[in-house]
């Protein structure tokens, strides 16, 4: 397995790009590589980048999971342009995986590659809005070096069609996926289909306020579980393990990747700690460390103390770092069974369906919104190695049928599991986060600002996108948020 990750690292480094022209050029020129050898690379690059954003990137602050107490610019929400080279670099490697599979008639890898493609493009458009899509990655094949920015609604329509086609293709092929190089599902065809369909549900819910067909499509899937299998337990979770052997296969908080002083900048937010405390949530002790000293504090005498964002001198909050919680010890390790590069979980799927049922938009056989809500909580608890006990019997946790309660529990379950907590807040307004007093804006950011290189390499297309979508600012709403 170590050899697989080292190969992945070599291919990853060879795929790095510096500007958008390079993004649209396939950096791997060898045509004799078998598709399966690129599969692990595409998976690792996808999962690690998404998880890195969830822990040390802007989504961690925007989702109010993390507050930085030093170099806290991200917490002030005065975000500058954000480079997207790494995302398109991953798509470039994945494109080569698809092209090689197509040349060899290996439909199983074509389908898997399409699922990876959807995940990455969905993430890009969820971060920026309109973006290069239909003409991206085509400079070598078609000479397109100034790709147009497709409208988000057009991108989403194609992504959903692609997921349907990938599911159907995997259902109708007997070709095996290599167990060694499939670091996500070990060659399990059915689990890949489940992931494709769970991701389909995520995207449908995302656009449901602006696409009248979203819930109809969701109901079609739910009416035919044989054709559209979904996650059934945590064993179906889409998550890549960390090996913890080298810096290239380790969790970002471990000493093989980061200095302890660097990781210590990242503290649990006041929002997540206070919410867990208020609910007597057993996940608190799994994720958060108690303060070093319970005497000498200034404003918060709890055993667990999170830090507000965008405040003056956050490292001095509550009397200093001895009175501020760190993340628990697992987040300082190179690998741990609870630390995985997570793309999507069974718990998230349960909450997606619970919301859709609660809204009266779909029905799920033998389920209610309440039963799905409880299944989501249970799955998260079990995933984190704790028992439910009487947790769900507490008045504040007992299902009440409100969107606020449901999204709050979903937000907890998504702790450091990606940008989804941030995206749900943008979509629903819950949990009701309020930026701190030094914040550059009065609301949580709605998007990333396009890379500065776009105004040098792709100015005409950039201007067209901005004219259509709105000013290139963090407060501009993308299509499905308007």
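Nothing in this text is a laboratory measurement; each read-out follows from the coordinates by a stated rule. Please read all numbers here as calculations on a predicted model, not as lab measurements. Every residue, glycine among them, receives a Cβ derived from its backbone with ideal geometry; neighbour counts consider all protein chains shown.
Points to keep in mind about this one:
- Rounded if a/c under 1.5, otherwise prolate or oblate - segment 85-146, Cα gyration tensor axes: oblate
- Shape of segment 98-223, Cα gyration tensor, a/c cut at 1.5: oblate
- For the peptides 300-312, 140-152, the ranking by packing is 300-312, 140-152, with the highest mean count of neighbouring Cβ atoms within 10 Å listed first.
- Take 170-182, 438-450, 335-347 and order them by the average number of nearby Cβ atoms within 10 Å per residue, most first; the result is 335-347, 438-450, 170-182.
- Length gained on full extension, residue 460 to residue 140: 113.1 nm, using 0.36 nm per residue less the C-alpha separation.
- Rg/Rh for segment 153-246, where both radii come from Cα atoms and Rh is the Kirkwood radius: 1.02
- Debye-formula intensities of segment 31-164, expressed as log10 I(q)/I(0) at q = 0.19 Å⁻¹, are -1.15 (one equal scatterer per alpha-carbon, no solvent).
- Mean separation of Cα pairs under 8 Å and 6 or more residues apart, divided by the residue count, gives the chain a relative contact order of 21 percent.
- Here segment 203-350 is treated as an ellipsoid with the same Cα gyration tensor; its semi-axes, largest first and in whole Å, are 37, 22, 14.
- Projected-area mean, segment 260-312, by convex hull of Cα positions, square nanometres: 4.4
- Ordering of 266-278, 379-391 by burial proxy (mean other Cβ atoms within 10 Å per residue, highest first): 266-278, 379-391
- Long-range Cα-Cα pairs in segment 293-439 (distance over 19 Å), rounded percent: 63
- D (Stokes-Einstein, µm²/s), Kirkwood Cα radius, segment 436-479, 1.002 mPa s at 20 °C: 184
- Each stretch of four or more DSSP H residues adds -39500 (n - 2.57); spread over every residue of the chain, this sum gives -14000 deg cm²/dmol at 222 nm.
- Shape category assigned to the chain from the gyration tensor of Cα positions, a/c cut at 1.5: rounded
- Normalised alpha carbon radius of gyration of segment 395-456 [divisor 2.2 N^0.38 Å]: 1.44
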